[in-house]
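These notes are about the structure you will find just below.
What follows is calculated from the coordinates using simple rules that are stated; it is not laboratory data. Predicted, not measured: the structure shown is a model, and the values here were computed from it. Backbone-built Cβ (ideal geometry, glycine too); neighbour counts: all protein chains shown.
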Amino acid sequence: MWSADVEAAVAVGRRITSGACFINALVASDARMPFGGTKRSGYGRELAAPGIREFVNVRTWWTLNQPQVQAPTSEYAVTTTTLNTTSTQGVTTMTDTTVAERSARLRDGRTATILRPAQITPRQRGGGARTIPMVSQQVGAKDFLNGITMFGPGAAIPEHFHNCDESVLILRGSAVAHIDGHTYPVGTGDTSFIPAGIPHYFQNASDTEELHIFWTYASIHADRTIVATGITTRIDVEHGTNIV
């Protein structure tokens, strides 16, 4: 599929039954990735670990309330000391091989990062507010953004809403949270959950001390719409962390 909106293309791809899905790229194969089709395109896989398993037999090891049995390393086997048949508990037992493959697939070539606020230059937001952007696409984030915003005495950002859910944790100071027409006094440790589309803003309740908040947006494509003006801006553009 070809699309300028990669997220939309991925959403369409999830509704298609196929052995592979290529977005903004031609069909190709790579020895590190399994390759194959579904339905009339055949079954089974070649290449990578799944391709190797097409040529081996599977043995299931099942132990219940006994010391864990270690299968020979040449066999693809499942070993467990607990049999969990209740799917609602959401517990899955995997082999060491499957665990390693799942880990590699999820990390998607990314590495972990330690971010230190003291080493990041705050972005001046105007109105007595400044922001330290933390997790963003620049460090490999795929699902969320977060950071710290500091408000001077009595300062606030104009009423706004977002296109995704947001959570705000009060790190320091006290504030008045204006959310959907209601006001709530909040202090250190208090945490909000604000669904997409709900107008809100936090105002520093002190005339002498700063207010520090830690915010998290549930999308790397989060944006802010100012209620009074209707102007919408991406959060990463506001903070200068967008990838051009």
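Check which residues have an amide H placed less than 5 Å from D190's amide H, if you skip close sequence neighbours.
Amide H to amide H, under 5 Å and 5 or more residues apart or across chains, D190 pairs with I170.
Would you mind getting the Kirkwood hydrodynamic radius of the stretch 117-239 from its Cα pairs, rounded to one decimal in Å?
Final number for the Kirkwood radius of the stretch 117-239 is 14.4 Å.
Enumerate the calculated ³J(HN,Hα) couplings along the stretch 46-57 in order (Karplus 6.51 cos²θ - 1.76 cosθ + 1.60, θ = phi - 60°), each rounded to whole Hz, writing x wherever the residue is Gly or Pro.
Computed from phi, the couplings for the stretch 46-57 are 10, 6, 6, 4, x, x, 5, 5, 5, 10, 10, 8 Hz.
When a footprinting reagent is the concern and you count Cβ atoms within 10 Å, what order do C21, C164 take, fewest first? Display every interim value, and only then the final one.
Numbers: C21 13, C164 18.
Listed from fewest to most nearby Cβ atoms, that is C21, C164.
Whole-Hz Karplus ³J(HN,Hα) for the stretch 9-16, in order, using 6.51 cos²θ - 1.76 cosθ + 1.60 and θ = phi - 60°, x for Gly and Pro?
Values per residue, Gly and Pro as x: 5, 4, 4, 5, x, 5, 8, 9 Hz.
Considering all projection directions equally, how large on average is the shadow of the alpha-carbon convex hull of the stretch 1-55, in square nanometres?
Mean shadow area of the hull around the Cα atoms is 4.2 nm².
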